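The values are calculated or read from the model by the stated rules, or taken from the named source; none is laboratory data. All figures in this text were calculated on a predicted structure; none of them were measured in a lab. Here the Cβ positions follow ideal geometry from the backbone for every residue, glycine too, while neighbour counts run over all protein chains shown. Side chains included, ligands, DNA and RNA excluded: accessible areas come from the protein's heavy atoms. Shrake-Rupley method; radii C 1.70, N 1.55, O 1.52, S 1.80 Å.
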Amino acid sequence: MQNRKYQVFISSTYSDLVEERKKVLDVLLMADCIPAGMEAFVATDVEQFEVIKKVIDLCDYYILIIGQRYGSINPDTGISYTEMEYDYAIKNKIPVLVFVLDEQIVLPDDKKENEPDKVERLKAFREKALTNRLCSIWKNTDELVGKVAVSIMTAKETIERPGWQRGTDFDEASLRRTIMKLKEENENLKVKLNDSIETVHSFTEIKNVAFENYDVKIDYHYTPAGSYRRSGSIEKKLPEIFKVIATQMMDVSLTESAISDAIKSKYASITGCMVYFNDSQQIKIILNQLRALGLIYSSWSENAGKLYWGLTIKGRRYRDEMIVVKENMMSVDNTEE
């Protein structure tokens, strides 16, 4: 897309290539790129290098500029932080553009290595970097700038990268359609998940769990206005309690509180009074019994921070047998008059 911008990481030793880095930064800005890895990100210790790796991960291209200094060496790896950056970019498949100073160029002592060990390490690093297919040799700053300009434009056209794009450049209608599609897929996944949960429950049902002959007794209390606290109790068979719960559920899941309210509304509705169950664990016991029977299942909602209960396939079948109205079998008299 025309409005897409590409982030480019610039890697090099610092003090000997200050001017070159500035010129390369200007070139990248003119090429409509986003420079990264500048002075604020020059690695001198392990902690800074960890930050740099995260910056490299976000970049579309990586530029390596090699002069005649090797740079600070990491005591653990024995190689310079600049070489570590290069190796990290290669490992993570970031397109690398390499620019190596011609070794015939003579520089002042403060811009080149004088330690024999670092000279050898720099030589090995140069040889490794020169094997990169996107590699150029430069002799002066102007030549470096020109080669960077050509290389980055060519890379943008030939090496596809994700880049960055302003949020306002996207088609809002298209985004809304995508969101709706994702919501639909999410709902379908929820249905499949519930079906899978039900299948698992069918394999783990406990045998000989009481249902038809299970007598449920729920004691409750309430306080009429201007009167004393009064008590009552609900005494039903478990199938009757299940019928109330299952009818309330239909095709939605309910919280324990909603299930309690459904039972109170059916069997303990006192006008103008709030009804409270004496044993707060009673509904949990009933729900666990129904779950053990494979009639209901539970699922935790991270968004709501609540536990929800729903009907299994077996539970829906039992409910329908209880509440669906069936046609009466009509006897047909085929006797001729």
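Here are some notes:
- The stretch 96-114: number of residues that are part of a loop (DSSP other than H, G, I, E, B) and not charged (D, E, K, R): 6
- The criterion of being open to solvent by 50 Å² or more (accessible area, probe 1.4 Å), in a helix (DSSP H, G or I) and either touching a residue at least 60 places away in the same chain (Cβ under 8 Å) or touching a helix residue (DSSP H, G or I) at 6+ places or on another chain (Cβ under 7 Å) (or both) does not hold for Asp117.
- Test: Tyr70 is within 33 Å of the chain's Cα centre (by Cα) and not β-branched (Val, Ile, Thr): no
- Scanning the stretch 81-101 for residues that are touching a Phe, Trp or Tyr at 6+ places or on another chain (Cβ under 7 Å) and either open to solvent by 50 Å² or more (accessible area, probe 1.4 Å) or more than 15 Å from Val55 (Cα to Cα) (or both) turns up Glu83, Leu97, Phe99, Leu101.
- Flag set for Arg317, criterion: at pLDDT below 95, within 21 Å of Lys192 (Cβ to Cβ), surrounded by fewer than 17 Cβ atoms within 10 Å (Cβ to Cβ) and not β-branched (Val, Ile, Thr).
- Cross-chain or 6+ apart pairs with Cβ under 6 Å, the stretch 229-241 first and buried (at least 16 other Cβ atoms within 10 Å of the Cβ), then assigned to a strand (DSSP E or B): Ile234/Ile218; Lys236/Val216; Leu238/Val216; Ile241/Val216
- Near pairs, Cβ below 6 angstrom, 6+ apart or cross-chain, from the stretch 77-94 (farther than 12 Å from Ile56 by Cα) to any residue that is open to solvent by 20 Å² or more (accessible area, probe 1.4 Å): Ser80/Ile73; Tyr81/Ser72
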